[in-house]
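Each remark here refers to the structure printed beneath this line.
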Amino acid sequence: MIDQLGNFYKSWDRNIELEGEIPINDQLKLESKYNLPWYQFNLPDFPLAEILSEVKATKDLFVPHRDSEGNHLWKGICLHGLGKEKTMCPEDYGILEKDAHYSWTEIADLCPITKRYFSESYPSEAYHRIRFMLIEPGGYILPHRDRERKGLRGPLSIPLTVPDECHFVVENFGRIPLESGKGYLIDLSNRHSVWNRSNEDRYHIIAEAHYKKGYNDFLKLIAQSGMGRLDEDEKITYSAILKKLGL
Ligand SMILES: [Fe+2]
């Protein structure tokens with residue numbers, strides 16, 4: 001197992017290099033025609049310090065997550081989902097997705113600021129799982145793909161802590177330069193891995209948002225606050241989006 005991890009990191013533990021221009025209008029369709037490995041955007045008013053306090057206060061309640069891909073140091077807990085300790089997909093518990101009933105768990109009661117952020121600030125009215133994830137020092141997630149279909153679809157990721165010696169590494173690209181408190185969409189069809197070689201806990205939120213009326217606000221959010229290296233295109237793109245949305 002550790003050989004597999006070591007070989008993957010030997011190849012891809014380097015700064016990410018993206019070549020050429022990436023037309024933002026096409027990113028905003030959230031399709032990966034350009035094979036974009038990730039997209040970063042700002043989360044206005046994200047209460048990072050308060051959420052970090054809440055997540056640390058619940059650490060003892062975390063349970064091991066997907067031990068076959070990691071070691072027992074990869075853990076999680078659900079604020080919203082099928083149950084506080086049901087950190088995996090419904091199918092892993094013998095439940096069909098169509099029969100899954102998602103709701104706030106008792107962890108949300110312990111974390112009122114986090115619950116309020118997702119209920120009142122983030123532009124989604126419906127969620128499947130919202131999880132706090134933790135990789136303790138020495139923990140790792142073995143290289144894997146979560147899906148076959150390419151694209152920036154999938155859950156919202158929010159790093160809460162980003163230890164220096166802990167990287168999210170993507171095959172054929174390299175390290176994603178994660179920042180605490182920012183939002184990320186990641187193409188999880190690329191093989192990826194995380195390895196915490198630091199002495200600090202690595203906390204992260206993964207939220208499966210299902211946008212209804214909030215989808216337009218979500219598009220505006222990512223258009224207004226997208227990755228810095230796309231600044232020059234941002235105005236044009238934002239106008240294009242507003243036009244498309246009829247605003
Ligand atoms: Fe994954």
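No lab work stands behind these numbers, since they all come straight from the coordinates. This structure is a prediction, so every number in the text was calculated from the model and none was measured. Cβ sites come from the backbone with ideal geometry, for glycine too, and all protein chains shown count toward neighbours.
A few notes on this one:
- Segment LYS56-SER119, length gained on full extension (0.36 nm per residue, minus Cα span): 20.6 nm
- Distance between region 177-222 and region 37-83 - C-alpha centres, whole angstrom: 11
- Mean Cβ count within 10 Å, highest first, over the residues of peptides 127-139, 54-66: 127-139, 54-66
- Over 31 Å (Cα to Cα) - which of LYS98/LYS213; LYS59/LYS213; LYS10/LYS86; LYS75/LYS98 fall in this group: LYS59/LYS213; LYS10/LYS86
- Spin-label model distance (nm) - GLN4 vs TYR211, 7 Å beyond Cα toward Cβ: 3.5
- Region 29-122, relative contact order in percent, only Cα pairs under 8 angstrom and at least six apart counted: 26
- Convex hull of region 45-110 built on C-alpha atoms - directionally averaged projected area, nm²: 5.6
- FRET efficiency, 1/(1 + (r/R0)^6) with R0 25 Å, evaluated for ALA100 and ARG145 via beta carbons: 0.65
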